[in-house]
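Reviewing the structure listed below.
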Amino acid sequence: MKKLIISLTLCLLSLSAAAECQRSELPRAFYGDLHVHTGLSNDAFGMGTRAGPDAAYRYAKGETISVSPTLELTPSTQLDFAAVTDHAEQMAAATICAQADHPNYNSWACRIERRLPRAGILLNQIASHWFGDDLGACADGACARAYSGAWQQTVAAAEQHNQPCEFTSFVGYEWSGRVDNGPTIHRNVIFNQDPQIALPFDAFSYPEPEQLWQQLRQHCADQSNGCDAVTIPHNSNLSEGRMFSALTPDGGLTPEQVAERARFDRLAEIIQHKGASECYYQPGDSDEACQFELLPYDSFIGKMAPPLAKPPKNDSSFLRNALKEGLRYQQRDGVNPFATGFIGSTDTHIVSPGQVSEAGYREHHNKEQPSPALGQMLPKPTELNPGGLAVLYARENSREALFDAIKRREAYATSGHRVAVRFFAGEDLPADLCERQDALQQAYARGTPMGGEIRGGDSPRFFLSALKAADSPAQAMPGLRKLQVIKGWLDDKGNSHEKVFDLASSPALSSDFASCREVEARSASLCASWQDPLFDPQQQAFYYARVLEQPSCRWDQYYCEAVVDRCPELDSEDPAHQLCCQSAPKRIQERAWTSPIWYSPAAGQ
């Protein structure tokens with residue numbers, strides 16, 4: 001009875017707080033991370049992570065946390081929202097082998113796990129998957145009990161830390177599916193509320209995306225309790241082209257599959273710490289900005305076993321290609337299965353949502369190597385990066401408002417920096433919006449924001465603006481360089497095309513990349529009003545915006561600035577020598593990507 005009274009009191013307080021939220025006149029940007037792992041993920045546990053969901057949300061709110069007995073992290077800023085998305089598959093099973101008083105502590109599997117953590121955890125998962133909960137660490141149903149307790153802990157932490165108006169915590173998890181036990185097609189599942197399910201729908205029990213969506217419908221979306229869910233694909237760059245391709249034997253998606261993808265896959269990660277998934281690049285390609293944070297391999301096999309690595313291909317591993325493929329289904333079925341908006345996140349496995357700064361980068365898989373020259377640990381491998389942020393437009397910081405933004409795809413991704421981006425389209429948009437004080441009011445009243453759809457009509461006008469966020473640390477953003485719109489379309493023969501349009505720019509400025517110092521003042525805003533000179537009202541098309549910043553130092557260069565002048569005297573075997581003395585200073589162009597706006601011809605047009 002006492003627990004019931006406390007629960008009802010907390011519920012009433014939450015509803016009261018929600019009622020007092022002051023909604024802004026227009027949607028505003030909220031920054032967050034929807035891909036966060038804690039020690040409840042078996043792989044993260046094997047990396048040394050011991051902190052759980054509670055610590056993840058405290059970190060997101062700006063608190064210092066202990067990730068493990070030897071690792072403490074302090075955030076440089078706070079987030080507006082977050083979701084803990086631990087792997088559902090055998091969640092928390094790895095923790096069994098760390099409990100000395102557990103009956104299975106001395107099992108053969110646990111002995112292997114303690115000696116070889118990552119290999120042992122993988123072995124335990126395989127054994128449990130193929131032989132059930134009666135082997136090794138999972139004997140006598142131990143893993144099933146750990147799984148249930150971990151899920152309850154996940155939900156409880158999200159409920160506890162959700163503070164309407166101040167901070168939103170979503171209940172979520174990661175479904176870690178594979179195609180024929182090979183290419184990964186992982187998705188994060190995000191709920192709008194406590195889904196009231198006993199366990200997540202994992203890839204061991206539901207190995208196909210369609211099976212996952214069926215369970216989400218049956219136990220959540222089709223219920224009458226207000227429950228809803230979305231799935232967010234990530235790392236399509238490591239899916240060998242299978243994330244956004246036809247997975248059926250006949251080589252195409254059925255109309256039912258098309259509808260389910262359109263219903264649940266509302267957003268996709270375009271950037272995270274395991275690389276960018278925007279577009280393919282090879283030397284000679286016209287869009288040189290596609291070179292950003294590309295991985296040299298196309299699958300997790302290549303990541304884990306470099307001798308088996310295969311280079312990326314120009315296929316639907318990349319979202320731009322997936323968007324073009326989606327137009328074909330739109331033309332055929334009237335529904336686009338690949339009409340996903342864009343977000344960024346970290347995929348951190350060290351309980352640090354929003355840790356995206358290049359300076360002081362801490363590798364999200366806790367992989368490091370000692371450098372005597374630096375006198376500290378150096379992150380590895382070097383092809384990985386700090387990850388990005390998800391940005392949602394809503395009128396208040398609440399689950400309802402932010403989840404609605406996810407559903408309507410009014411969202412965008414940044415590679416880490418906080419830049420406020422607006423992107424609208426509409427044939428009635430005024431041409432002088434960049435000069436008007438009421439630009440946003442006009443844009444919302446007369447246009448369609450990012451993530452929306454336009455059907456028929458005359459050539460739309462596009463309004464694109466970017467502004468360094470007011471709460472962005474002064475040193476965290478090098479200034480804006482260029483506004484671009486990327487268009488993809490189908491011609492009369494059904495062939496797909498793409499083109500990058502430069503809309504606005506500021507002068508290219510120099511920096512001292514050896515020392516990571518800026519030497520000139522930087523532009524804090526850019527704006528453009530534009531119409532597509534190639535617009536054809538008969539053609540299916542999409543448009544998304546890309547905001548490029550001035551070049552700045554990549555994370556590895558921040559480490560290198562301490563030794564770059566001492567290269568001749570460094571030990572050639574020191575990781576710092578290999579990283580800093582055998583190539584030019586590492587620079588990047590941080591950026592933001594908006595969700596697309598889609599154009600379809602009107603019926604009969």
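The values are calculated or read from the model by the stated rules, or taken from the named source; none is laboratory data. Keep in mind that this is a model prediction, so the values were computed, not measured. A quick note on method: Cβ atoms are made from the backbone with ideal geometry, for glycine too, and the neighbour counts reach across all protein chains shown. Just so you know, the surface numbers come from the protein's heavy atoms only, side chains and all, with ligands and any DNA or RNA stripped out. Shrake-Rupley method; radii C 1.70, N 1.55, O 1.52, S 1.80 Å.
Values as computed for the structure displayed
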quantity: 3 or more residues modelled with pLDDT of 95 or more: qualifying helices (runs of 4 or more DSSP H) within region 34-122; calculated: 53-60
quantity: Any pair with Cβ under 8 angstrom, 6 or more apart, that starts in region 52-75 at a residue that is of a type in the set (Lys, Arg) and ends at one that is open to solvent by 30 Å² or more (accessible area, probe 1.4 Å); calculated: 61/78
quantity: Filter result for the condition that a residue is over 30 Å from residue 455 (Cβ atoms) and in a strand (DSSP E or B), over 526, 548, 509; calculated: 548
quantity: Matching residues, region 551-605, being in a loop (DSSP other than H, G, I, E, B) and among the hydroxyl-bearing types (Ser, Thr, Tyr); calculated: 572, 583, 595
quantity: Matching entry among 76, 107, 24 (being open to solvent by 10 Å² or more (accessible area, probe 1.4 Å) and closer than 22 Å to residue 162 by Cβ); calculated: 24
quantity: Which numbered condition residue 307 misses (of (1) farther than 30 Å from residue 59 by Cα; (2) open to solvent by 10 Å² or more (accessible area, probe 1.4 Å); (3) in a loop (DSSP other than H, G, I, E, B)); calculated: (3)
quantity: Where residue 203 falls short, out of the listed (1) surrounded by fewer than 21 Cβ atoms within 10 Å (Cβ to Cβ); (2) in contact (Cβ under 8 Å) with a residue 24 or more places away in the chain; (3) assigned to a loop (DSSP other than H, G, I, E, B); calculated: (1)
quantity: Single residue of 390, 339 found to be part of a loop (DSSP other than H, G, I, E, B) and out of contact with any His (no Cβ under 7 Å at 6 or more places or on another chain); calculated: 339
quantity: Residue match in region 242-256 (condition: within 15 Å of the chain's Cα centre (by Cα), modelled with pLDDT of 95 or more and of a type outside the set (Lys, Arg)); calculated: no
quantity: Set 256, 269: member being under 27 Å from residue 327 (Cα atoms) and outside any strand (DSSP E or B); calculated: 256
quantity: From the options 332, 328, 320, residue that is under 30 Å from residue 256 (Cα atoms), at pLDDT below 90 and not aromatic (Phe, Trp, Tyr); calculated: 332
quantity: Qualifying residue in region 212-234 (condition: out of contact with any strand residue (DSSP E or B) (no Cβ under 8 Å at 6 or more places or on another chain), surrounded by fewer than 21 Cβ atoms within 10 Å (Cβ to Cβ), at pLDDT 95 or above and under 24 Å from residue 325 (Cβ atoms)); calculated: yes
quantity: Residues located in region 310-331, provided they are of a type in the set (S, T, N, Q), in a helix (DSSP H, G or I) and open to solvent by 50 Å² or more (accessible area, probe 1.4 Å); calculated: 331
quantity: Hits in region 288-335 (condition: touching a Lys or Arg at 6+ places or on another chain (Cβ under 9 Å) and of a type in the set (S, T, N, Q)); calculated: 299, 316, 317
quantity: Where a residue in region 346-375 is over 16 Å from residue 72 (Cβ atoms) and its partner, wherever it lies, is surrounded by fewer than 16 Cβ atoms within 10 Å (Cβ to Cβ) and charged (D, E, K, R), with Cβ under 6 Å and at least six apart; calculated: 367/380; 369/380
quantity: Qualifying residue in region 239-249 (condition: assigned to a strand (DSSP E or B), closer than 26 Å to residue 416 by Cα and among the hydroxyl-bearing types (Ser, Thr, Tyr)); calculated: yes
quantity: Any hit, region 116-128, residues being more than 22 Å from the chain's Cα centre (by Cα), open to solvent by less than 20 Å² (accessible area, probe 1.4 Å) and without any contact (Cβ under 8 Å) to a residue 24 or more places away in the chain; calculated: yes
quantity: Qualifying position, being among the aliphatic types (A, V, I, L, M), in contact (Cβ under 8 Å) with a residue 24 or more places away in the chain and within 20 Å of residue 56 (Cα to Cα), among 146, 137, 142; calculated: 146
quantity: Condition broken by residue 369, with the remaining ones in (1) within 24 Å of residue 487 (Cα to Cα); (2) open to solvent by 10 Å² or more (accessible area, probe 1.4 Å); (3) polar (S, T, N, Q) satisfied; calculated: (1)
quantity: Pairs where the first residue, in region 164-177, is among the polar types (S, T, N, Q) and the second is at pLDDT below 95 and surrounded by 24 or more Cβ atoms within 10 Å (Cβ to Cβ), C-beta under 6 Å, 6+ apart; calculated: 176/203
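Yes/no per residue for (1) open to solvent by 10 Å² or more (accessible area, probe 1.4 Å); (2) touching a strand residue (DSSP E or B) at 6+ places or on another chain (Cβ under 9 Å); (3) within 24 Å of residue 506 (Cβ to Cβ):
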site: 547; (1), (2), (3): no, yes, yes
site: 559; (1), (2), (3): yes, yes, no
site: 568; (1), (2), (3): yes, no, no
site: 575; (1), (2), (3): yes, yes, no
site: 578; (1), (2), (3): yes, no, no
site: 582; (1), (2), (3): yes, no, no
site: 588; (1), (2), (3): yes, yes, yes
site: 594; (1), (2), (3): no, yes, yes
site: 603; (1), (2), (3): yes, yes, no
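For every residue, the table says whether it meets (1) of a type in the set (Asp, Glu); (2) within 30 Å of residue 539 (Cα to Cα).
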{"site": "316", "(1), (2)": "no, yes"}
{"site": "321", "(1), (2)": "no, yes"}
{"site": "330", "(1), (2)": "no, yes"}
{"site": "337", "(1), (2)": "no, yes"}
{"site": "346", "(1), (2)": "no, no"}
{"site": "358", "(1), (2)": "yes, no"}
{"site": "361", "(1), (2)": "no, no"}
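Let's see how each residue does on (1) open to solvent by less than 50 Å² (accessible area, probe 1.4 Å); (2) touching a Lys or Arg at 6+ places or on another chain (Cβ under 9 Å); (3) under 30 Å from residue 566 (Cβ atoms):
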| site | (1), (2), (3) |
| --- | --- |
| 385 | yes, yes, yes |
| 399 | yes, no, no |
| 405 | yes, no, no |
| 409 | yes, yes, no |
| 466 | yes, yes, no |
